[in-house]
There are 2 protein chains.
Amino acid sequence: MKPARPDHVFRALADPTRRAIFEELTRQGEQTVHALTHYAGISQPAVSKHLTVLKRAKLVHPRRLGRETHYRAQPDALAPMVDWLNLYGAFWRDRFDRLEALLERMEP
Amino acid sequence: MKPARPDHVFRALADPTRRAIFEELTRQGEQTVHALTHYAGISQPAVSKHLTVLKRAKLVHPRRLGRETHYRAQPDALAPMVDWLNLYGAFWRDRFDRLEALLERMEP
DNA sequence: CCAATCAATAACCAAACGGTTATGGTTTCA
DNA sequence: TGAAACCATAACCGTTTGGTTATTGATTGG
(Lines give C-alpha, C1' and ligand atoms only; values in the text may rest on other atoms or scores of the structure.)
Protein backbone atom coordinates (compact mmCIF):
# COMPACT_ATOMS: atom_id res chain seq x y z
CA MET A 1 0.00 0.00 0.00
CA LYS A 2 1.32 3.42 -0.96
CA PRO A 3 1.95 5.53 2.14
CA ALA A 4 0.14 8.80 2.81
CA ARG A 5 1.78 12.20 2.44
CA PRO A 6 4.19 12.93 5.33
CA ASP A 7 2.22 16.05 6.19
CA HIS A 8 -0.91 13.98 6.84
CA VAL A 9 1.00 11.61 9.12
CA PHE A 10 2.65 14.38 11.13
CA ARG A 11 -0.64 16.24 11.41
CA ALA A 12 -2.58 13.18 12.50
CA LEU A 13 -0.16 12.33 15.29
CA ALA A 14 0.12 15.91 16.55
CA ASP A 15 -3.07 15.53 18.58
CA PRO A 16 -2.71 13.58 21.86
CA THR A 17 -6.19 12.05 21.62
CA ARG A 18 -5.41 10.75 18.16
CA ARG A 19 -2.11 9.33 19.36
CA ALA A 20 -3.94 7.68 22.26
CA ILE A 21 -6.43 6.07 19.86
CA PHE A 22 -3.64 4.80 17.65
CA GLU A 23 -1.75 3.49 20.68
CA GLU A 24 -4.84 1.74 21.98
CA LEU A 25 -5.39 0.08 18.60
CA THR A 26 -1.80 -1.17 18.41
CA ARG A 27 -1.89 -2.43 22.00
CA GLN A 28 -5.33 -4.03 22.08
CA GLY A 29 -5.85 -4.76 18.41
CA GLU A 30 -8.96 -4.11 16.35
CA GLN A 31 -11.71 -2.11 18.06
CA THR A 32 -15.16 -0.83 17.26
CA VAL A 33 -15.95 2.88 17.26
CA HIS A 34 -18.10 2.19 20.29
CA ALA A 35 -15.20 0.73 22.26
CA LEU A 36 -12.89 3.54 21.22
CA THR A 37 -15.48 6.10 22.25
CA HIS A 38 -15.66 4.54 25.69
CA TYR A 39 -11.87 4.48 25.88
CA ALA A 40 -11.32 8.06 24.77
CA GLY A 41 -13.97 9.53 27.03
CA ILE A 42 -15.31 11.92 24.39
CA SER A 43 -18.42 11.84 22.21
CA GLN A 44 -18.84 9.30 19.43
CA PRO A 45 -18.84 11.92 16.65
CA ALA A 46 -15.57 13.34 18.01
CA VAL A 47 -14.03 9.87 17.78
CA SER A 48 -15.37 9.43 14.26
CA LYS A 49 -13.71 12.67 13.21
CA HIS A 50 -10.40 11.63 14.72
CA LEU A 51 -10.66 8.33 12.91
CA THR A 52 -11.24 10.21 9.67
CA VAL A 53 -7.99 12.13 10.17
CA LEU A 54 -6.14 8.92 11.01
CA LYS A 55 -7.64 7.27 7.93
CA ARG A 56 -6.40 10.10 5.71
CA ALA A 57 -2.92 9.39 7.07
CA LYS A 58 -3.57 5.68 6.47
CA LEU A 59 -2.68 5.02 10.10
CA VAL A 60 -5.90 3.10 10.65
CA HIS A 61 -8.06 0.93 8.44
CA PRO A 62 -11.81 0.35 8.86
CA ARG A 63 -13.58 -2.97 8.43
CA ARG A 64 -17.37 -2.93 8.25
CA LEU A 65 -19.11 -5.76 10.05
CA GLY A 66 -22.85 -5.31 9.98
CA ARG A 67 -23.71 -2.13 11.74
CA GLU A 68 -20.35 -1.76 13.46
CA THR A 69 -17.05 -0.61 12.05
CA HIS A 70 -13.91 -2.23 13.37
CA TYR A 71 -10.74 -0.18 13.11
CA ARG A 72 -7.24 -1.55 13.19
CA ALA A 73 -3.89 0.23 13.38
CA GLN A 74 -1.65 0.22 10.33
CA PRO A 75 1.81 0.69 11.83
CA ASP A 76 3.65 0.61 8.50
CA ALA A 77 1.87 3.85 7.64
CA LEU A 78 4.42 5.44 9.98
CA ALA A 79 7.01 4.93 7.24
CA PRO A 80 6.94 8.58 6.04
CA MET A 81 7.75 9.73 9.57
CA VAL A 82 10.51 7.17 9.91
CA ASP A 83 11.90 8.25 6.54
CA TRP A 84 11.87 11.86 7.63
CA LEU A 85 13.70 11.00 10.84
CA ASN A 86 16.15 9.08 8.73
CA LEU A 87 16.87 12.20 6.71
CA TYR A 88 16.89 14.86 9.42
CA GLY A 89 17.52 13.14 12.72
CA ALA A 90 21.25 13.30 12.12
CA PHE A 91 22.48 11.71 15.32
CA TRP A 92 20.16 8.80 15.09
CA ARG A 93 20.48 8.57 11.30
CA ASP A 94 24.15 7.64 11.40
CA ARG A 95 23.46 4.73 13.69
CA PHE A 96 20.55 3.55 11.64
CA ASP A 97 22.28 3.87 8.28
CA ARG A 98 25.24 1.91 9.48
CA LEU A 99 22.96 -0.77 10.81
CA GLU A 100 20.85 -0.84 7.69
CA ALA A 101 23.93 -1.33 5.55
CA LEU A 102 25.10 -4.05 7.85
CA LEU A 103 21.82 -5.87 7.67
CA GLU A 104 21.84 -5.77 3.92
CA ARG A 105 25.25 -7.37 3.76
CA MET A 106 24.12 -10.04 6.18
CA GLU A 107 20.68 -10.95 4.79
CA PRO A 108 20.69 -10.68 1.03
CA MET B 1 20.14 17.71 28.08
CA LYS B 2 16.74 16.40 29.19
CA PRO B 3 14.41 16.06 26.20
CA ALA B 4 11.15 18.00 25.88
CA ARG B 5 7.74 16.45 26.38
CA PRO B 6 6.71 14.25 23.42
CA ASP B 7 3.63 16.36 22.85
CA HIS B 8 5.77 19.45 22.25
CA VAL B 9 7.92 17.61 19.74
CA PHE B 10 4.95 16.16 17.83
CA ARG B 11 3.21 19.53 17.85
CA ALA B 12 6.25 21.43 16.68
CA LEU B 13 6.84 19.15 13.72
CA ALA B 14 3.20 19.07 12.66
CA ASP B 15 3.56 22.36 10.81
CA PRO B 16 5.27 22.13 7.39
CA THR B 17 6.93 25.54 7.73
CA ARG B 18 8.43 24.51 11.04
CA ARG B 19 9.65 21.25 9.56
CA ALA B 20 11.19 23.19 6.68
CA ILE B 21 13.03 25.48 9.10
CA PHE B 22 14.34 22.52 11.06
CA GLU B 23 15.38 20.78 7.85
CA GLU B 24 17.17 23.88 6.62
CA LEU B 25 19.06 24.15 9.91
CA THR B 26 20.18 20.53 9.82
CA ARG B 27 21.22 20.80 6.17
CA GLN B 28 22.93 24.19 6.18
CA GLY B 29 23.92 24.46 9.82
CA GLU B 30 23.51 27.47 12.09
CA GLN B 31 21.50 30.37 10.66
CA THR B 32 20.38 33.81 11.75
CA VAL B 33 16.70 34.68 12.03
CA HIS B 34 17.27 37.01 9.11
CA ALA B 35 18.53 34.19 6.88
CA LEU B 36 15.70 31.89 7.95
CA THR B 37 13.17 34.62 7.21
CA HIS B 38 14.53 34.94 3.70
CA TYR B 39 14.45 31.18 3.31
CA ALA B 40 10.92 30.66 4.60
CA GLY B 41 9.39 33.48 2.59
CA ILE B 42 7.22 34.73 5.45
CA SER B 43 7.55 37.71 7.78
CA GLN B 44 10.27 37.91 10.41
CA PRO B 45 7.82 37.84 13.36
CA ALA B 46 6.21 34.71 11.93
CA VAL B 47 9.63 33.05 11.83
CA SER B 48 10.34 34.16 15.40
CA LYS B 49 7.12 32.57 16.56
CA HIS B 50 7.93 29.31 14.79
CA LEU B 51 11.35 29.36 16.41
CA THR B 52 9.71 29.80 19.80
CA VAL B 53 7.66 26.66 19.24
CA LEU B 54 10.73 24.75 18.07
CA LYS B 55 12.64 26.02 21.12
CA ARG B 56 9.91 24.74 23.44
CA ALA B 57 10.42 21.32 21.87
CA LYS B 58 14.19 21.82 22.26
CA LEU B 59 14.57 21.13 18.54
CA VAL B 60 16.57 24.32 18.03
CA HIS B 61 18.95 26.27 20.22
CA PRO B 62 19.63 30.02 19.99
CA ARG B 63 23.02 31.69 20.29
CA ARG B 64 23.09 35.46 20.69
CA LEU B 65 25.85 37.23 18.79
CA GLY B 66 25.50 40.98 19.14
CA ARG B 67 22.23 42.01 17.62
CA GLU B 68 21.68 38.78 15.73
CA THR B 69 20.55 35.42 17.05
CA HIS B 70 21.97 32.30 15.46
CA TYR B 71 19.86 29.18 15.67
CA ARG B 72 21.10 25.65 15.30
CA ALA B 73 19.20 22.37 15.04
CA GLN B 74 19.31 19.96 17.95
CA PRO B 75 18.61 16.59 16.29
CA ASP B 76 18.84 14.55 19.49
CA ALA B 77 15.72 16.40 20.66
CA LEU B 78 13.91 14.05 18.28
CA ALA B 79 14.48 11.28 20.80
CA PRO B 80 10.94 11.40 22.25
CA MET B 81 9.53 10.86 18.76
CA VAL B 82 11.95 8.02 18.07
CA ASP B 83 11.03 6.47 21.40
CA TRP B 84 7.35 6.67 20.57
CA LEU B 85 7.94 5.03 17.20
CA ASN B 86 9.89 2.37 19.00
CA LEU B 87 6.89 1.63 21.18
CA TYR B 88 4.06 1.88 18.66
CA GLY B 89 5.54 1.47 15.20
CA ALA B 90 5.49 -2.29 15.46
CA PHE B 91 6.60 -3.14 11.96
CA TRP B 92 9.50 -0.79 12.02
CA ARG B 93 10.36 -1.58 15.62
CA ASP B 94 11.25 -5.14 14.82
CA ARG B 95 13.77 -4.01 12.25
CA PHE B 96 15.25 -1.46 14.58
CA ASP B 97 15.42 -3.75 17.58
CA ARG B 98 17.18 -6.41 15.60
CA LEU B 99 19.65 -3.85 14.34
CA GLU B 100 20.16 -2.33 17.75
CA ALA B 101 20.90 -5.73 19.24
CA LEU B 102 23.31 -6.44 16.43
CA LEU B 103 25.22 -3.23 17.01
CA GLU B 104 25.53 -3.94 20.66
CA ARG B 105 27.11 -7.28 20.01
CA MET B 106 29.52 -5.72 17.54
CA GLU B 107 30.58 -2.57 19.40
CA PRO B 108 30.66 -3.20 23.12
C1' DC C 1 25.92 60.01 18.03
C1' DC C 2 22.53 58.69 15.38
C1' DA C 3 20.51 56.20 11.75
C1' DA C 4 19.93 51.65 10.39
C1' DT C 5 19.68 46.66 11.38
C1' DC C 6 18.19 42.67 13.88
C1' DA C 7 15.01 40.09 16.59
C1' DA C 8 11.34 39.66 19.95
C1' DT C 9 6.80 41.10 21.46
C1' DA C 10 2.16 43.05 21.06
C1' DA C 11 -2.12 43.53 18.89
C1' DC C 12 -4.98 41.92 15.67
C1' DC C 13 -7.45 38.74 12.17
C1' DA C 14 -9.20 34.85 9.36
C1' DA C 15 -9.08 30.05 9.14
C1' DA C 16 -8.56 25.61 11.15
C1' DC C 17 -9.36 22.67 15.05
C1' DG C 18 -11.49 19.85 18.58
C1' DG C 19 -15.32 19.49 20.79
C1' DT C 20 -20.50 19.50 21.20
C1' DT C 21 -25.68 18.25 20.00
C1' DA C 22 -28.84 16.90 16.30
C1' DT C 23 -29.92 14.04 12.49
C1' DG C 24 -30.03 10.29 9.23
C1' DG C 25 -28.95 5.71 7.24
C1' DT C 26 -28.04 0.76 8.13
C1' DT C 27 -28.40 -3.20 10.52
C1' DT C 28 -29.90 -6.12 14.17
C1' DC C 29 -33.10 -8.76 17.01
C1' DA C 30 -37.09 -9.36 20.20
C1' DT D 1 -41.78 -5.12 11.87
C1' DG D 2 -40.44 -1.69 14.55
C1' DA D 3 -37.51 -0.06 18.22
C1' DA D 4 -32.86 0.16 19.46
C1' DA D 5 -27.87 0.16 18.36
C1' DC D 6 -24.08 1.71 15.66
C1' DC D 7 -21.66 5.04 13.05
C1' DA D 8 -21.14 8.94 9.92
C1' DT D 9 -22.31 13.57 8.71
C1' DA D 10 -24.12 18.20 9.47
C1' DA D 11 -24.42 22.34 11.91
C1' DC D 12 -22.63 24.94 15.27
C1' DC D 13 -19.26 27.12 18.74
C1' DG D 14 -15.21 28.68 21.50
C1' DT D 15 -10.18 28.38 21.25
C1' DT D 16 -5.95 27.79 19.00
C1' DT D 17 -3.09 28.68 15.20
C1' DG D 18 -0.41 30.78 11.63
C1' DG D 19 -0.11 34.71 9.54
C1' DT D 20 0.00 39.95 9.32
C1' DT D 21 1.56 45.02 10.67
C1' DA D 22 3.29 48.03 14.38
C1' DT D 23 6.38 48.72 18.02
C1' DT D 24 10.23 48.30 21.08
C1' DG D 25 14.93 47.17 22.68
C1' DA D 26 19.41 46.28 21.72
C1' DT D 27 23.51 46.63 18.82
C1' DT D 28 26.18 48.12 15.14
C1' DG D 29 28.71 51.13 11.90
C1' DG D 30 29.43 55.43 9.25
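Remark: the A:Met1-A:Thr17 segment gains 3.2 nm on full extension, using 0.36 nm per residue and subtracting the alpha carbon distance. Once C-alpha pairs closer than 8 Å and six or more residues apart are averaged by separation and normalised to the residue number of chain A, the relative contact order reads 30 percent. Annotation: peptides B:11-20, B:27-36, ranked by per-residue average of other Cβ atoms within 10 Å with the highest first, follow the order B:11-20, B:27-36. Convex hull volume of the C-alpha atoms in the stretch A:1-69, normalised per residue: 87 Å³. How much of the accessible area of the stretch B:1-60, in percent, comes from carbon and sulfur atoms when a 1.4 Å probe is used? Answer for the stretch B:1-60: carbon and sulfur cover 53 percent of the accessible area.
Take each residue of peptide A:80-89, count the partner chain Cβ atoms within 10 Å of its Cβ, and average: the result is 5. With label points set 7 Å from Cα along Cα→Cβ, the inter-copy distances at B:Glu23 are 2.8 nm, sorted shortest first.
Averaged over the residues of peptide B:2-13, the number of Cβ atoms from other protein chains lying within 10 Å of each residue's Cβ is 3.
Between copies, how close do the B:Ser43 label points come, placed 7 Å along Cα→Cβ, listed in nm from shortest? Spelled out, the distances from B:Ser43's label point are 3.6 nm.
Enter the angle in degrees (range 0 to 90, nearest 10) between the Cα long axis of helix A:44-56 and the first principal axis of the Cα atoms of chain A, meaning the one along which they spread out most. Tilt relative to chain A: about 30 degrees. Relative to the other identical copies, B:His61 shows label-point distances of 4.3 nm, where the label point lies 7 Å from Cα along the Cβ direction and values run shortest first.
Neighbouring Cβ atoms from other chains, within 10 Å of the Cβ of residues in A:21-34, number 1 on average. Computed over protein heavy atoms with a 1.4 Å probe, the accessible surface of the stretch B:6-106 works out to 52 Å² per residue.
The values are calculated or read from the model by the stated rules, or taken from the named source; none is laboratory data. Computed from a predicted structure; not experimentally measured. Here the Cβ is made from the backbone with ideal geometry for all residues, glycine too, and neighbour counts use every protein chain on show. We work out accessible area using only protein heavy atoms, side chains counted, and drop any ligands, DNA or RNA first. Shrake-Rupley method; radii C 1.70, N 1.55, O 1.52, S 1.80 Å.
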